[in-house]
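Data first, discussion second: the structure below is written as structure tokens.
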Amino acid sequence: MKRPGTAQGSSTLLVTLILLLLSGSCLALLMATQTQLLVAFQHKVQVRLLAAADGGVELGVARGIAGAGEPTTRTLGASLSGAEVRLEVSGFVPMAHGACHLCMTNLEGTLGSLGGLRRVSHVLSASARAPRRSDGLPPPRRSVSAVVDLMPWPAGSRDRWDLVATMAEARRRIRQAALSEAGDYEEGAPVAVTRLEDGGGDPPRAVAVGGSGGALHAVELAPRPGPLWSFADATDEDGNGAPDLGRALAAPAIVRLRLAGGDRPVVLFGGGYDPDLPNEVGNWLYIVEVDSGALLYKRRLDSPVTVSPAVADLDGDGVADRIYAGTVAGSLYRVDVSAPARLAGGRVAAGVWAPRRVFETGGRPIRQPPAVVAAPEAGAQVLALGADGRVDEQASAEEAAGRFFVLVDRGSGRIDPAWSLALEQGEEIASPPLAAVGLLTFLTFRPTGLDGGEIRRYSLWLRSGETAAGGARGVAVTRGVSRPSVGFGSATRLEVDHPGSTFASLLSPDEEGLLETLRARMPGSCRFPGARLRLVGAGPDAEALHLAVLPVCRIDVDWFEHGR
């Protein structure tokens, strides 16, 4: 029989053991709960940081579209204790750009001073960091990096898209050069401006070339402003008793061509015009060197060349592969310059780069350069070309009406017509055609009586010629104006409208409808950040004229996140 003390001691020990077990279980449960709470808190912090970093990427894209591409830092949740997040957003940096069949723009060739609309890839990153921890460990951090494509988008910096001040300075300096060399200057003479990059680490050069009378003058605008050269040609190589070079009616094209020793920047221009000798002067296509003004190439065509030549770059290397030149007789010539030309006596050897007539308008004069854009078919180019009606007594009613042509050049033989559009009798092509995002835009002038005439804007689908905005193909944009001068309707500025724009002009119902139609034709992978591009040119009486409004497609190429 056990003694009472022994039984009591055993009971006490048992109770103690049970209490110890219960205490351990409670402690374990408490520790597990605390761990779960800590894990949940850390997960919440990580989710908050990742959301902040994602938002930072969106912020960086929006700021980049608005033109603020520099890095920025923001503090989020500063008013909530323990919820503060520091957000660091990198710059919206253009990494690369490439050809874009969706863009289909002719802003590269003779309008190269504006840069071009391309598919531009941008890289950016955003990093979100929580407050410093009390345990001394590094604060949690999440980062997101992204590659974002915008198209159509300027391939160069935005300042290249506003030529007003640059052109004013160019005309002033060319006027000085013309007065110094020839003693006179023709007001309103056409001017071309471009940037030249040598690739040797030197700053880009800004060069302007313009005509006055029967001469061409070149000046450097930056970084060493001053005259470069003057070019005149009083020779009579065709033996018709008249000088070969006449008055310039269009700006030259400044392009790169493959010559002996490598590609070089050159000035490409037509022979111009002389109203007293309309068929004897200007029947030539010229190429001179940008730096020296030395004559490199001169070939005779069938009649005066009064428009800027256009070029095509087939492989995207920045060097022209084809030249297109139109004449007042209605002939379109193509010059294949894809192979390097050898020089003989300082000029391109005879028989090399021979002009070939590839299309005829039926005698309708070509007074505006064609738009040249890459077609989806490899090596093919689409040309949009306007021609005014014939004015001679032998012209039929059909020939007396102007016509617009869209052609396909596959590089062999003659060019194939795609479609054409008849204009009204007396209606003239008033601006260089503009092709962008599959849309073709051009302006015409139609006399309406003694008070002048009206300007019409055509917005057509490049592929089919059908109206893009609904209703009539040509819509009057202004009335009671005089016949447009040289340079009318050429794109001189690009405006980027975005959700934060406070000065963006309101769109007309036609423009709004056209934007919606363009968005619907873009790929399904496109996101639309609310941005749009507005191409602006010189209108009547030097007023700004809206040429086209284009939507911007955003495609997120790659996203990746990392953190601790």
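Things to note:
Okay, residues lined up against (1) farther than 24 Å from VAL337 by Cα; (2) free of Cβ contacts under 8 Å to residues at least 12 places away in the same chain; (3) touching a strand residue (DSSP E or B) at 6+ places or on another chain (Cβ under 6 Å); (4) not hydrophobic (A, V, I, L, M, F, W, C):
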{"position": "VAL209", "(1), (2), (3), (4)": "no, no, yes, no"}
{"position": "PRO223", "(1), (2), (3), (4)": "yes, no, no, yes"}
{"position": "PHE231", "(1), (2), (3), (4)": "no, no, yes, no"}
{"position": "ALA234", "(1), (2), (3), (4)": "yes, no, no, no"}
{"position": "ASP244", "(1), (2), (3), (4)": "no, no, yes, yes"}
{"position": "ALA260", "(1), (2), (3), (4)": "no, no, yes, no"}
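- Residue in segment 390-411 that is nearest to GLY379 (Cα to Cα), counting only those that are in contact with a strand residue (DSSP E or B) (Cβ under 9 Å, 6 or more places away or on another chain) and of a type in the set (Gly, Ala, Ser): GLY411
- Scanning segment 152-193 for residues that are at pLDDT 80 or above, open to solvent by 70 Å² or more (accessible area, probe 1.4 Å) and over 17 Å from LEU228 (Cα atoms) yields ASP184, GLU187.
- Any strands (runs of 3 or more DSSP E) falling wholly within segment 385-502 and containing at least 2 residues that are open to solvent by 10 Å² or more (accessible area, probe 1.4 Å): 401-409, 416-425, 439-449, 452-461, 474-481, 491-497
- Residue satisfying all of: in segment 363-382; more than 23 Å from GLY282 (Cβ to Cβ) and in a loop (DSSP other than H, G, I, E, B); nearest to the chain's Cα centre (by Cα) among these: ALA375
- Qualifying residue in segment 260-269 (condition: in contact with a Gly (Cβ under 7 Å, 6 or more places away or on another chain), hydrophobic (A, V, I, L, M, F, W, C) and in a loop (DSSP other than H, G, I, E, B)): no
- Cβ-Cβ distances below 6 Å connect the following pairs, each with a first residue in segment 521-550 that is closer than 14 Å to MET151 by Cβ, a second residue that is open to solvent by less than 50 Å² (accessible area, probe 1.4 Å) and assigned to a loop (DSSP other than H, G, I, E, B), and a separation of six or more residues or different chains: ALA531/HIS498; ALA531/VAL552; LEU550/VAL437.
- Exactly one residue among LEU507, LEU514 is out of contact with any strand residue (DSSP E or B) (no Cβ under 6 Å at 6 or more places or on another chain) and in a loop (DSSP other than H, G, I, E, B), and that residue is LEU507.
- When VAL328, VAL305 are checked against the criterion of being open to solvent by less than 10 Å² (accessible area, probe 1.4 Å), farther than 17 Å from VAL352 by Cα, touching a Ser or Thr at 6+ places or on another chain (Cβ under 6 Å) and part of a loop (DSSP other than H, G, I, E, B), VAL305 stands alone in meeting it.
- Test result for ASN279, over 26 Å from GLY386 (Cα atoms), polar (S, T, N, Q) and open to solvent by 40 Å² or more (accessible area, probe 1.4 Å): no
- Looking only at segment 89-105, and only at residues there that are part of a loop (DSSP other than H, G, I, E, B) and open to solvent by 50 Å² or more (accessible area, probe 1.4 Å), the one that is modelled with the lowest pLDDT: HIS101
The values are calculated or read from the model by the stated rules, or taken from the named source; none is laboratory data. None of these values were measured; they are calculated from a predicted model. Backbone-built Cβ (ideal geometry, glycine too); neighbour counts: all protein chains shown. Remember, those area values only see protein heavy atoms, side chains included, never the ligands or the DNA or RNA. Shrake-Rupley method; radii C 1.70, N 1.55, O 1.52, S 1.80 Å.
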